[in-house]
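Peer 1: I'd like to ask some things about the structure below.
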Amino acid sequence: MTMRDLLVVALLGLAVVASGVGVVYAKYQTRIEFIALQSLTKEVQGLEEEWGVLRLEEAALGTHPRVETAARTRLDMFMPRGVDVRTIGGLGHVRH
């Protein structure tokens, strides 16, 4: 073998080793990204569960009877009497 042949074989061997290192590095990065994806997926599931609980809580707290009771007890509000209610028509006329 000539010196040139040895150089070609050495370069090809170096290319094979570099390619192998690249494959191992790519696989390592894939594993790291997959672990991050799994973590984010769990976080999303937890947030979706919390969102569902909050929606149920909002529905329970926002019912008309509960709001009316809170307005009466905490804010001392009351339903106006019929004579206290005025309806304004589209043309600006006041109807009783």
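The values are calculated or read from the model by the stated rules, or taken from the named source; none is laboratory data. Please read these numbers as outputs of a predicted model, since none were measured by experiment. A quick note on method: Cβ atoms are made from the backbone with ideal geometry, for glycine too, and the neighbour counts reach across all protein chains shown.
Quick grid of which residues meet (1) surrounded by fewer than 10 Cβ atoms within 10 Å (Cβ to Cβ); (2) modelled with pLDDT of 95 or more; (3) not in a helix (DSSP H, G or I):
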{"position": "T30", "(1), (2), (3)": "no, yes, no"}
{"position": "Q38", "(1), (2), (3)": "no, yes, no"}
{"position": "M77", "(1), (2), (3)": "no, no, yes"}
{"position": "G92", "(1), (2), (3)": "yes, no, yes"}
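Peer 1: From A60, A15, grab the single residue that is of a type outside the set (S, T, Y) and at pLDDT below 95.
Peer 2: A60
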